[in-house]
1. Scan 73, 33, 57 and give me the residue that is surrounded by 11 or more Cβ atoms within 10 Å (Cβ to Cβ), at negative phi, out of contact with any strand residue (DSSP E or B) (no Cβ under 8 Å at 6 or more places or on another chain) and assigned to a helix (DSSP H, G or I).
2. Which of the following residues is in contact with a helix residue (DSSP H, G or I) (Cβ under 8 Å, 6 or more places away or on another chain) and closer than 27 Å to residue 3 by Cβ: 37, 42, 58, 25?
3. Got a number for residues in region 39-54 being in a loop (DSSP other than H, G, I, E, B) and touching a residue at least 24 places away in the same chain (Cβ under 8 Å)?
4. Looking at region 43-54 only, could you name the residues that are modelled with pLDDT of 90 or more and either in contact with a strand residue (DSSP E or B) (Cβ under 6 Å, 6 or more places away or on another chain) or surrounded by fewer than 11 Cβ atoms within 10 Å (Cβ to Cβ) (or both)?
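The values are calculated or read from the model by the stated rules, or taken from the named source; none is laboratory data. It should be emphasised that the depicted structure is a prediction, and the values quoted were computed from it without experimental measurement. With ideal geometry, Cβ positions are generated from the backbone for all residues, glycine too; neighbour counts draw on all protein chains shown.
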């Protein structure tokens, strides 16, 4: 296996583990996703050119993350 495959193979199970334990560890799920993206960028698996090439899809994911974070904050403000 190549170095990039090892990094990817370790990053994704790590993200799933953090996601599963996010309630106990009190880590935001959006932060976990960005940490995974950061690991792939730091490991050289993804390059900024890859992200630029996926511009529309990345913009959609960023907006989804923003709306998710806003809805989570709104849920904490509304009693119920």
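1. 33
2. After applying the criteria, what remains is 58.
3. 3
4. Once the filter is applied, which keeps residues that are modelled with pLDDT of 90 or more and either in contact with a strand residue (DSSP E or B) (Cβ under 6 Å, 6 or more places away or on another chain) or surrounded by fewer than 11 Cβ atoms within 10 Å (Cβ to Cβ) (or both), region 43-54 yields only 44.
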